[in-house]
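Some notes on the structure that comes next.
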């Protein structure tokens with residue numbers, strides 16, 4: 001035990017025998033608010049004079065409330081009732097306002113509480129591995145929520161159950177691979193946080209005596225003022241230290257005691273050191289190691305939430321772009337139908353065409369108008385989903401609710417697709433994927449906890465040692481000497497006050513000590529054996545799930561690459577089909593103008609062209625989403641769009657918002 005600690009104990013105990021100390025004043029900084037954009041560390045210490053730092057263990061750390069205000073970037077992008085949105089702005093709004101990301105920001109300080117708790121000797125409470133997936137959205141023109149497109153008959157439905165509402169409802173994805181049943185606690189962990197235990201008491205006794213020879217008085221009156229102070233702490237080696245100091249000052253009317261009043265007490269040290277079960281620094285710090293891994297896991301979980309959220313924002317944004325393009329296609333189809341109707345109407349008026357052809361053209365106008373209405377409705381629904389994703393309170397703000405989203409970016413498809421090597425992409429995915437990184441840490445934690453279960457199989461063999469110094473000091477009992485019954489004069493060594501008592505206790509004058517071993521040998525160790533076998537099974541399952549996740553990542557990368565190649569081929573074919581269909585419509589209209597064709601055939605060619613244009617829009621959007629899916633599968637989304645994880649943690653993006661055009 002260090003001299004400084006012993007000195008502090010003795011000073012405090014000495015004061016306990018007298019007047020109690022005044023409790024330290026609460027720190028004026030106890031309720032200080034943190035910065036608005038930063039979650040405080042759970043290990044923040046109070047700075048200032050030493051007497052203020054004494055209250056640090058009892059200081060409640062402040063966690064700022066959730067700010068539900070939208071970032072200023074949102075209002076800067078709204079002009080003339082429109083929300084002008086580039087993909088870069090959409091990603092920035094998600095980083096600043098999305099509540100799924102906001103919830104995940106609390107995972108890091110939660111993991112820090114795990115480290116703080118285990119450093120004090122507690123066990124892990126665990127962290128959540130839930131990742132929130134954004135809604136699927138309406139999808140592109142090829143996968144609408146309420147209607148079909150491309151010339152087929154519209155089908156209107158009303159969503160009434162969870163399956164129908166899936167496009168607008170978020171889902172949860174749990175990344176934990178260790179299962180829901182916790183590992184056994186293993187051997188108990190020493191209490192690393194030291195504790196002081198003290199007390200002061202006063203007692204008065206009045207006892208009638210049956211034999212006057214015992215105390216020299218018919219009624220024994222005594223007054224006792226006592227104080228005690230103890231210090232306990234555990235260490236990583238498994239050592240348990242207990243230092244105890246006690247003193248009592250007694251005065252009485254007895255004529256038989258040599259000293260009155262007198263002070264007696266002792267200072268003792270007890271040490272228990274496990275030699276088998278509970279031994280080893282690595283074993284006793286296993287929960288701290290698990291907590292440190294949980295801090296790393298929390299960072300990977302945040303990165304995974306960023307990856308999933310931003311990838312989904314990219315998908316939702318390109319879907320909105322495609323839906324707007326599809327509205328343009330439907331508007332072109334309506335213009336063609338209206339032109340055919342006007343031409344037929346003019347020919348009927350001059351008598352060169354049968355009236356039935358006007359009805360056919362008019363029916364096509366109505367059908368094209370319904371297609372346009374349905375496509376416009378899908379755009380509004382997709383905008384609603386995006387508003388909910390990119391803001392903190394959805395459409396509560398009437399300005400946000402009434403604003404139309406105008407996407408300013410268009411899908412760019414390279415003239416030549418760069419070659420992609422599967423092996424290289426897999427290497428990138430294994431290095432970048434946060435879910436793989438946190439899975440490896442979970443396996444490491446499972447192996448750490450398994451070591452604690454194995455240690456619990458050992459017998460309990462403890463080395464126990466104790467040492468105690470005793471002391472006595474007081475005044476000579478004048479009543480005893482006046483009675484003339486004392487055979488010799490009191491020993492002058494014990495004559496004195498509290499200082500004399502302390503010198504005896506701190507010296508080596510009246511020691512008592514002992515040393516020994518305690519052995520606990522279970523004759524049947526079934527509980528520990530069962531725990532160890534079960535924890536081994538859970539650790540093996542964790543390894544299998546990690547491999548399963550790795551296989552899934554490989555599948556996602558290969559599938560995403562094949563899908564990118566397929567969508568690119570589909571887009572090239574759709575462009576060619578659309579060009580040929582435009583030529584076919586021009587040829588059919590020329591034949592119609594010279595009377596070699598019919599209204600029905602022209603309408604059919606117009607429908608085929610509308611379908612070809614819609615297919616081109618669909619394949620264009622599919623290509624953009626396939627590219628985003630490949631970035632997500634390889635874990636490159638953050639790098640592709642230049643996302644800073646530090647800015648994401650702060651919820652403040654330094655890049656300036658785009659300048660909206662004047663309305």
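The values are calculated or read from the model by the stated rules, or taken from the named source; none is laboratory data. Source: prediction; values computed, not measured. Cβ atoms come from the backbone with ideal geometry, glycine included; neighbour counts cover every protein chain shown.
At-a-glance table
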read-out: Candidate set: region 173-182, residues that are in a loop (DSSP other than H, G, I, E, B) and in contact (Cβ under 8 Å) with a residue 40 or more places away in the chain; chosen: the one surrounded by the fewest Cβ atoms within 10 Å (Cβ to Cβ); value: 181
read-out: Residue within region 637-655 that is within 37 Å of the chain's Cα centre (by Cα), under 16 Å from residue 305 (Cα atoms) and buried (at least 23 other Cβ atoms within 10 Å of the Cβ) present; value: yes
read-out: Count - residues of region 493-509 that are crowded, with 17+ Cβ neighbours inside 10 Å and either over 8 Å from residue 473 (Cβ atoms) or free of Cβ contacts under 8 Å to residues at least 24 places away in the same chain (or both); value: 3
read-out: Residue match in region 217-228 (condition: assigned to a strand (DSSP E or B), more than 28 Å from residue 491 (Cα to Cα) and assigned by TED's automatic domain parsing to the domain that holds residue 498); value: no
read-out: Hits in region 197-226 (condition: in contact (Cβ under 8 Å) with a residue 60 or more places away in the chain and over 18 Å from residue 264 (Cα atoms)); value: 216
read-out: Restricting region 246-270 to residues that are modelled with pLDDT of 90 or more and in contact with a helix residue (DSSP H, G or I) (Cβ under 6 Å, 6 or more places away or on another chain), the residue that is nearest to residue 228 (Cα to Cα); value: 267
read-out: Elements of type helices (runs of 4 or more DSSP H) contained in region 318-436, each with 3 or more residues being farther than 29 Å from residue 170 by Cβ; value: 356-390, 422-432
read-out: Count of residues meeting criterion [in contact with a strand residue (DSSP E or B) (Cβ under 7 Å, 6 or more places away or on another chain), buried (at least 16 other Cβ atoms within 10 Å of the Cβ) and within 30 Å of residue 280 (Cβ to Cβ)] in region 183-234; value: 7
read-out: Residue 119, sole failed condition from (1) at pLDDT 90 or above; (2) buried (at least 18 other Cβ atoms within 10 Å of the Cβ); (3) under 24 Å from the mean Cα position of the chain (by Cα); value: (2)
read-out: Residue match in region 445-464 (condition: surrounded by fewer than 17 Cβ atoms within 10 Å (Cβ to Cβ), in contact with a strand residue (DSSP E or B) (Cβ under 7 Å, 6 or more places away or on another chain) and not in a strand (DSSP E or B)); value: yes
read-out: Residue within region 468-475 that is crowded, with 16+ Cβ neighbours inside 10 Å, in a helix (DSSP H, G or I), in contact (Cβ under 8 Å) with a residue 40 or more places away in the chain and in contact with a strand residue (DSSP E or B) (Cβ under 8 Å, 6 or more places away or on another chain) present; value: no
